[in-house]
Amino acid sequence: MPHRWRPILATTALVALTLGSAACRNSAGPAAGGTNSQAVHSVALIGGVKDSPFYAAIDCGAKTEAKKLGVQYAYAAPGTFDPAAQQPVLSSVIAGSPQAILIAPTDKVAMEAPMRQAKAANINLITVDTQLDNAADLSSQVNSDNVAGGALGADTMAGLIGGTGKVVAISEPPGSSTDDQRVQGFVDQMKAKHPGITVLETQYADHSAQATASKVSSVLAANPDLKGVFAVDNFTGDGAPIGVRNANARSSVKIVAFDAQPSQVEALKVGDIDAIISQNPFDMGVLGVDYAVDLGKGQSVPAKKITDLTAITKDNVDSPTVAPFIYKSC
């Protein structure tokens, strides 16, 4: 008899959805098993924040694959990127008893205990994008190599500024595994491979373009010879061009952003951003649903799957090979 799942409304509505893609399953770690080996009829995805093109692209991949496989699917996300906001959404989804939950945890430590509730409820748990420090309760992790993404950002920046000068990374406050690792990769790669470049102290902006713009303006006021800004996520990617323009420094400061959401792609095309390091969130959603279904069949899945990254510039933004890395909703 099919498992009957009644989605529960949290602080944000659960929206029924669908997905489809042939995705590579090479493992970056040993195979993992799940806590629930019953045939999967229901999967939920919990994003990091509402109204995010990045999480909408993961959602698009997951709902497309769920529709393809005949799996009931729902999506939920908190109104702010904050573990205090995400925890009640997770609790509400767990109360709806899906057989698997895909989640992008908003904090690598604070979300660990709330996510443990899923395992206690015999629900397979798969992280997408962001990770936990302790993966013991997870069936799988699907994400980009964010350290490598930061290193790619460093190499791209070095090429843009000619290998010399001052640069700064702008990030969300520490705690998000993705941002922390991108900053680490950027700083380490600059030190190891680009000795002519001085990396200033990382600046932290609190989840808004306005806060990022203010930080960038302050850095430029103190360092008028700044040559580059690495904006490590969508919030900072939207705000960095504003801060540079406000300081009348666009002609001298290069901007490398992370995440090819529509606003950043448009900024790239009009010349407000010089390059974007991008992930493939659609495939994260596809793989998450595929792994949930495989676990329900009693099959092993990779403990960790690393998805692809690419660098996007005005020269290749319209290339068919880059198209999967441009974030789209459906």
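Between 106, 212, 164, find the one with the highest GNM mean-square fluctuation for the chain; connect C-alpha pairs within less than 10 Å.
164
Provide, for q = 0.17 Å⁻¹, the log10 of I(q)/I(0) from a solvent-free Debye sum over equal Cα point scatterers in the stretch 179-303.
Cα-only, vacuum Debye calculation for the stretch 179-303: -0.87.
Enumerate the amide H contacts of residue 258 below 5 Å, restricted to partners 5 or more residues apart or on another chain; note that Pro and chain-start residues carry no placed amide H.
Residues meeting the amide H criterion: 231, 233, 237, 277.
Which translational diffusion coefficient, to the nearest whole µm²/s, is obtained for the stretch 171-244 from the Stokes-Einstein equation, given a Kirkwood hydrodynamic radius over C-alpha pairs, 20 °C and 1.002 mPa s?
Translational diffusion coefficient: 171 µm²/s.
Most fluctuating residue of 122, 143, 280 in a GNM of the chain with Cα springs under 10 Å: which is it?
It is 122.
What do you get for Rg/Rh over the chain if you use C-alpha atoms and the Kirkwood form of Rh?
A ratio of 0.99.
Using only alpha-carbon positions, what ratio does the radius of gyration of the stretch 242-330 give when scaled by 2.2 N^0.38 Å?
Numbers: Rg = 17.2 Å, N = 89, 2.2 N^0.38 = 12.1 Å.
In units of the globular-protein estimate, the stretch 242-330 measures up at 1.42.
Lysines within cross-link reach of residue 119: Cα-Cα under 24 Å, excluding same-chain residues under 8 positions apart?
63, 108, 297, 304, 305
By a straight-distance test (C-alpha under 23 Å), which lysines pair with residue 227 as possible cross-link partners, with residues fewer than eight away in the same chain excluded?
Correct list for residue 227: 166, 191, 193, 215, 254, 269, 314.
Per the Debye formula with a single identical scatterer at each Cα and no solvent contribution, what log10 I(q)/I(0) holds for the stretch 170-214 at q = 0.18, 0.21, 0.33 Å⁻¹?
-0.58, -0.73, -1.13
Stretched out fully, how many nm does the piece from residue 116 to residue 198 gain, at 0.36 nm a residue minus the Cα gap? Please report the intermediate quantities before stating the final value.
Working: separation 82, 0.36 × 82 = 29.52 nm, distance 4.21 nm.
Contour length minus Cα-Cα distance gives 25.3 nm.
Work out how much length residue 251 to residue 134 would gain on full extension: take 0.36 nm times their residue separation and subtract the Cα-Cα distance, in nm to one decimal. Kindly include the intermediate steps, with their values, before the conclusion.
On the way: separation 117, 0.36 × 117 = 42.12 nm, distance 4.43 nm.
Gain on stretching residue 251 to residue 134: 37.7 nm.
Show me, for the stretch 276-284, the HN-Hα J-couplings you get by feeding each phi into the Karplus relation (A = 6.51, B = -1.76, C = 1.60, θ = phi - 60°), rounded to Hz, glycine and proline as x.
10, 8, 10, 9, 10, x, 4, 5, 4
Can you give the accessible area of residue 297 in Å² (nearest 10), computed on protein heavy atoms with a 1.4 Å probe?
Rounded to the nearest 10, the figure is 130 Å².
Taking amide H positions as placed 1.01 Å from N in the peptide plane, with prolines and chain starts having none, which residues 5 or more places from residue 330, or on another chain, fall under 5 Å of its amide H?
60
Of the candidates 137, 318, 145, which one comes out as most mobile in a Gaussian network treatment of the chain with C-alpha springs shorter than 10 Å?
318
Tell me, what HN-Hα J-couplings in whole Hz come from the Karplus equation 6.51 cos²θ - 1.76 cosθ + 1.60 at θ = phi - 60° for each residue of the stretch 52-68, using x for Gly and Pro?
For the stretch 52-68, the Karplus curve yields 9, x, 5, 5, 5, 6, 4, 4, 4, x, 5, 6, 5, 5, 4, 5, 4 Hz.
The values are calculated or read from the model by the stated rules, or taken from the named source; none is laboratory data. What you see is a predicted model, and the numbers here were worked out from it, not measured in a lab. Calculation scope for accessible area: heavy atoms of the full protein, side chains included, ligands and nucleic acids excluded. Shrake-Rupley method; radii C 1.70, N 1.55, O 1.52, S 1.80 Å.
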